[in-house]
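Presented below is the structure to which this report refers.
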Amino acid sequence: MQRSAITTTAILSTALLLAACAPMAARYSQETLPDAVKVPAGHQVAMQTVGVGKIAYECKMDKGAPAWVFAGPDAVLNDRGGMQVGTYAGPPATWANRDGSAVTATQVAVAPAGAGNIPSQLVKANPATGSGAMQGVTYIQRVATQGGVAPASACSASNLGEKQWVNYQADYIFWKAA
């Protein structure tokens, strides 16, 4: 009787430990995302990261008027535990894993993410370079964005060419075909 209780307790403890260590893919849901940035069926989460960094904007002529124009990101990619697993920089926008693999992508859609936040985004990945975690990535979502919008300061003829960096954070969810 006592041996049975110990075995049951050991099995239960192991199951709880495995559930706590389950891949992030098992816990990620697209349910609350706008349809435009949802990954199509037939894909599964391969990796979840938190990008923390800054975005450069340059004061340029845009459609005949001076405006702050997105110039590129510079961020570290951390896993959910806070360990750096890669970088995100550009142009061109490149997600690189510390294992040497990297991927660029083409924007598919964006959706508003609230005042003061860059939009949520869905991009379709190009074939990866290098061997590693980025091999086989098909889509990348940018969600849970904080900050990153163009500077509030004036962009005018007097400061054309000026660059400003804006802090931001976003979750980058990497998907592969199931």
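Brief remarks follow.
- Residue match in the stretch 167-176 (condition: of a type in the set (A, V, I, L, M) and either surrounded by 20 or more Cβ atoms within 10 Å (Cβ to Cβ) or within 18 Å of Thr87 (Cα to Cα) (or both)): yes
- Within the stretch 113-144, restricting attention to residues that are touching a residue at least 40 places away in the same chain (Cβ under 8 Å) and either in a loop (DSSP other than H, G, I, E, B) or of a type in the set (Asp, Glu) (or both), the residue that is farthest from Pro34 (Cα to Cα) is Ala133.
- Total residues in the stretch 76-86, condition within 18 Å of Gln141 (Cβ to Cβ) and of a type in the set (S, T, N, Q): 1
- For Asp62: the one exception among (1) closer than 19 Å to Ser153 by Cα; (2) in contact with a helix residue (DSSP H, G or I) (Cβ under 8 Å, 6 or more places away or on another chain): (2)
- Ala46 vs. criteria within 27 Å of Gln164 (Cβ to Cβ), touching a strand residue (DSSP E or B) at 6+ places or on another chain (Cβ under 9 Å) and at pLDDT 90 or above: no
The values are calculated or read from the model by the stated rules, or taken from the named source; none is laboratory data. Given the structure is predicted, the values throughout are model-derived calculations rather than measurements. A quick note on method: Cβ atoms are made from the backbone with ideal geometry, for glycine too, and the neighbour counts reach across all protein chains shown.
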